[in-house]
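The values are calculated or read from the model by the stated rules, or taken from the named source; none is laboratory data. This structure is a prediction, so every number in the text was calculated from the model and none was measured. Quick reminder, even Gly has a Cβ in these numbers, built from the backbone with ideal geometry, and neighbours come from all protein chains shown.
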Amino acid sequence: MPAPSAQKYFNEAQTSQESGLMEKAVESYKKAIETDPYFISAYYALALLYHQIKQFDNAITNLKKVIELDPNDASAFNNLGVICFANDMFNEAKTYFEKALLIETNYKEARDNLKKIQQKLQQKIQVQPFIEQSINTIRKNKKNLKIGFVSIWFERGQAYVTKTLRDVIAQEHETFVFARTGGVYGRPMLQTDGIWAVPNLTIFNDYSIPHEVIGKWIDDNAIDAVIFNEEYDWSLVDFCKKKGTKVITYLDYYKDDWKPYMYLYDTVLCSTKRTFNLVKDFCNAYYVGWGIDTELFKPLNNDEEKYTFFHNAGWLGINLPEDDPCRHPCL
């Protein structure tokens with residue numbers, strides 16, 4: 001049991017946190033720890049609060065203290081992995097998830113997280129060589145490049161592709177995201193919380209981007225290469241290229257009327273062999289197959305989950321209208 005005075009500070013911290021007074025809560029948790037340096041729950045709660053307010057280094061420090069005091073706390077290892085995963089520290093995250101499973105072999109959340117990190121690391125292996133082949137020509141003697149992404153940025157397949165590419169490249173280079181506003185069923189959409197809260201995020205409250213706006217973004221951040229996702233404003237691509245910036249794109253489908261403009265791109269990443277074969281003769285194209293977790297398609301062998309329903313990402317997931325029949329599948 002913690003010292004009574006430490007428990008008092010702990011209770012005050014939780015009350016402050018529930019009231020949205022985060023700074024006050026942090027100070028109260030610290031006082032609880034100062035009063036009782038072995039108060040594991042205080043370290044744990046403070047770590048989770050730091051994670052909530054995006055002070056990730058402090059969150060990691062406090063979770064490591066939890067593990068120092070209780071080396072068999074599987075949840076602390078799992079949460080350390082989650083924080084590392086969110087901050088693109090994939091190898092560290094993998095180690096922590098594995099340690100959690102060594103302590104608690106049936107820890108489903110840690111096992112699922114480990115699968116996700118293994119997929120991320122595999123994607124890095126597949127994508128990195130093609131990205132590097134293009135951007136290495138920018139500045140031969142420069143190790144850390146500044147890579148920008150122009151994309152919609154919310155719960156939609158296109159944005160997930162951009163984020164995955166960004167997560168991979170952020171392992172080696174500094175990344176920047178220019179998040180334009182997209183739309184779903186007539187509603188403007190742009191997200192900046194959760195997984196969409198990444199460093200160097202610039203938001204723009206429209207889909208069409210004026211040349212002077214993208215130009216200022218490139219200049220202010222000294223961006224070496226811009227990766228577009230489904231860009232239909234060819235003048236914008238041309239403008240970036242004329243600034244001396246390398247321009248790259250990702251294609252999962254192709255239209256014939258794009259052919260006269262594809263030469264603008266220094267590199268084209270194709271997720272399907274069909275797209276690759278359509279464009280390879282007139283642009284610098286590479287085939288980078290999009291990974292699929294085949295484990296998801298295996299039959300279920302438990303009584304807890306009777307059905308698995310797969311849907312096309314184009315149906316927009318959580319943004320799907322309530323009256324859409326896909327919300328209410330007949331199983």
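Among the residues of this structure, N78 counts as one that is under 30 Å from H173 (Cβ atoms), in contact with a helix residue (DSSP H, G or I) (Cβ under 8 Å, 6 or more places away or on another chain) and in contact (Cβ under 8 Å) with a residue 12 or more places away in the chain. Just to be sure, is E12 surrounded by 15 or more Cβ atoms within 10 Å (Cβ to Cβ) and either modelled with pLDDT of 90 or more or among the aromatic types (F, W, Y) (or both)? Yes: the conditions hold for E12.
How many of the residues making up region 267-289 are in a loop (DSSP other than H, G, I, E, B), under 25 Å from the mean Cα position of the chain (by Cα) and within 23 Å of L145 (Cα to Cα)? Quick ask: steps written out before the conclusion?
Pass one, region 267-289, residues in a loop (DSSP other than H, G, I, E, B): 271-272, 280-284, 288-289.
Checking the rest, the ones that are also under 25 Å from the mean Cα position of the chain (by Cα) come to 271-272, 288-289.
Those still in the list that are within 23 Å of L145 (Cα to Cα) too: 288.
Residues meeting the conditions: 1.
Just name the residue that is farthest from the chain's Cα centre (by Cα) out of those in region 200-221 that are in a loop (DSSP other than H, G, I, E, B) and surrounded by fewer than 12 Cβ atoms within 10 Å (Cβ to Cβ).
In the first step, residues of region 200-221 are kept if they are in a loop (DSSP other than H, G, I, E, B); the result is 200, 205-210.
In the following step, the residues that additionally are surrounded by fewer than 12 Cβ atoms within 10 Å (Cβ to Cβ) were identified as 205-206, 208.
On the way: N205: 21, D206: 22, S208: 24 Å.
This residue is S208.
Applying the criterion of being closer than 16 Å to A159 by Cα and assigned to a loop (DSSP other than H, G, I, E, B) to the residues of region 181-199, the residue that is modelled with the lowest pLDDT is D193.
Inspect all residues belonging to region 40-50 and state whether any of them is surrounded by fewer than 19 Cβ atoms within 10 Å (Cβ to Cβ), modelled with pLDDT under 90 and under 15 Å from N79 (Cα atoms). Yes, region 40-50 has at least one match. Within region 232-242, is there a residue that is surrounded by 14 or more Cβ atoms within 10 Å (Cβ to Cβ) and within 30 Å of K116 (Cα to Cα)? Checked region 232-242: no residue is surrounded by 14 or more Cβ atoms within 10 Å (Cβ to Cβ) and within 30 Å of K116 (Cα to Cα).
I'd like to check something: does region 297-316 contain any residue that is under 28 Å from I169 (Cβ atoms), modelled with pLDDT of 60 or more, assigned to a loop (DSSP other than H, G, I, E, B) and not small (G, A, S)?
To start, the set of residues in region 297-316 that are under 28 Å from I169 (Cβ atoms) comprises 312-314, 316.
If we keep only those that are modelled with pLDDT of 60 or more as well, we get none.
Scanning region 297-316, I find no residue that is under 28 Å from I169 (Cβ atoms), modelled with pLDDT of 60 or more, assigned to a loop (DSSP other than H, G, I, E, B) and not small (G, A, S), so the answer is no.
Consider N229 carefully, then state whether it is surrounded by 15 or more Cβ atoms within 10 Å (Cβ to Cβ) and on the phi > 0 side of the Ramachandran plot. Give the derivation first.
Numbers: surrounded by 15 or more Cβ atoms within 10 Å (Cβ to Cβ): yes; on the phi > 0 side of the Ramachandran plot: no.
Criteria not met by N229.
Pairing each residue of region 1-20 that is assigned by TED's automatic domain parsing to the domain that holds I53 with any residue that is among the basic types (K, R) and in a helix (DSSP H, G or I), provided the two are 6+ apart or on different chains, yields C-beta distances under 7 Å for Y9/K31; S16/K24.
Of all residues in region 80-129, those satisfying the criterion of being modelled with pLDDT under 80, within 23 Å of A59 (Cβ to Cβ) and assigned to a helix (DSSP H, G or I) are A86, K120, L121. Within region 66-73, is there a residue that is within 27 Å of the chain's Cα centre (by Cα), surrounded by 21 or more Cβ atoms within 10 Å (Cβ to Cβ) and in a helix (DSSP H, G or I)? So far as region 66-73 goes, yes, one or more of its residues are within 27 Å of the chain's Cα centre (by Cα), surrounded by 21 or more Cβ atoms within 10 Å (Cβ to Cβ) and in a helix (DSSP H, G or I).
Kindly check whether there is at least one residue in region 141-151 that is of a type outside the set (S, T, N, Q), in a loop (DSSP other than H, G, I, E, B), closer than 20 Å to A222 by Cα and at pLDDT 70 or above. Spell out the reasoning first.
Taking region 141-151 and keeping what is of a type outside the set (S, T, N, Q), we get 142-143, 145-150.
Filter again for in a loop (DSSP other than H, G, I, E, B), leaving 142-143, 145.
If we keep only those that are closer than 20 Å to A222 by Cα as well, we get 142-143, 145.
Imposing the further condition that a residue be at pLDDT 70 or above reduces the set to 145.
Yes, region 141-151 contains a residue that is of a type outside the set (S, T, N, Q), in a loop (DSSP other than H, G, I, E, B), closer than 20 Å to A222 by Cα and at pLDDT 70 or above.
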